[in-house]
1. Kindly put 40, 7, 150 in sequence by how many other C-beta atoms sit within 10 Å of each C-beta, fewest to most.
2. Separation between the residue 86 and residue 156 pseudo-spin-labels, each 7 Å from Cα along Cα→Cβ, expressed in nm?
3. Arranged by the count of other C-beta atoms within 10 angstrom, fewest first, what order do 136, 66, 92 take?
4. Please grab the % of Cα pairs in the chain that end up more than 20 Å from each other.
5. Using the 10 angstrom Cβ neighbour count as an exposure proxy, how do 148, 59 rank, fewest first?
6. Round to the nearest 10 and give me the degree value, 0 to 90, for the angle of helix 123-145's Cα axis relative to the longest principal axis of the chain.
7. If I model a spin label as a point 7 Å beyond the Cα along the Cα-Cβ vector, how far apart are those points for residue 69 and residue 120 in nm?
8. Please compute the length gained on full extension between residue 147 and residue 39, using 0.36 nm multiplied by the number of residues separating them and subtracting their Cα-Cα distance.
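Just so it is clear, none of the values below were taken in a lab; they were calculated from the coordinates. Given the structure is predicted, the values throughout are model-derived calculations rather than measurements. Every residue, glycine among them, receives a Cβ derived from its backbone with ideal geometry; neighbour counts consider all protein chains shown.
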């Protein structure tokens, strides 16, 4: 909250950047540029996970059901993904191809319905959720078939998805600071749910 005017800050940039930056880094790994390291896991816990949870709680406070559901859900997604990677080292049974496929498909279905929701919002969110839907189903197919080439291609698609989310978060920050459209978000003319900065405010 601003000490000067009492206006609540827009939590969406934090959530979008937490999702986007972590997604880019994980999918650079999926594309084969470096192995899974503690860097990716740390980003998953603290920025992809905790930062998005904070953003989701703040969206809840301002009555934004879509933003609250999206950010808290994807924050928990990153935390569960880290747990899936880390728990076998503590003696728990590692995921099988079938169980990981089911995990990715369920997240893909959730993201698909969230994408449908973005059809009432701006074009940038449509790109983010649309590409995330494709990413989940590509990874699910790769896991189900054991096809590493599909997973590698999904990595490139995931880099695009994450970069789109980063763009959306940074655009909202700069548009708000400058009081005008510096980085276009593709705001629908009839989208009364978006404020002047392009921030998501359902």
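1. On the way: 40 21, 7 8, 150 17.
Fewest-to-most Cβ neighbours within 10 Å comes out as 7, 150, 40.
2. Distance between label points: 3.3 nm.
3. Values: 136 23, 66 17, 92 11.
Final ranking by Cβ density, sparse to dense: 92, 66, 136.
4. Working: 11311 of 20301 pairs.
For the chain, the share of Cα pairs beyond 20 Å comes to 56 percent.
5. Details: 148 11, 59 26.
By the 10 Å Cβ count, ascending: 148, 59.
6. 10
7. 1.0
8. Numbers: separation 108, 0.36 × 108 = 38.88 nm, distance 2.52 nm.
Extra length available between residue 147 and residue 39 comes to 36.4 nm.
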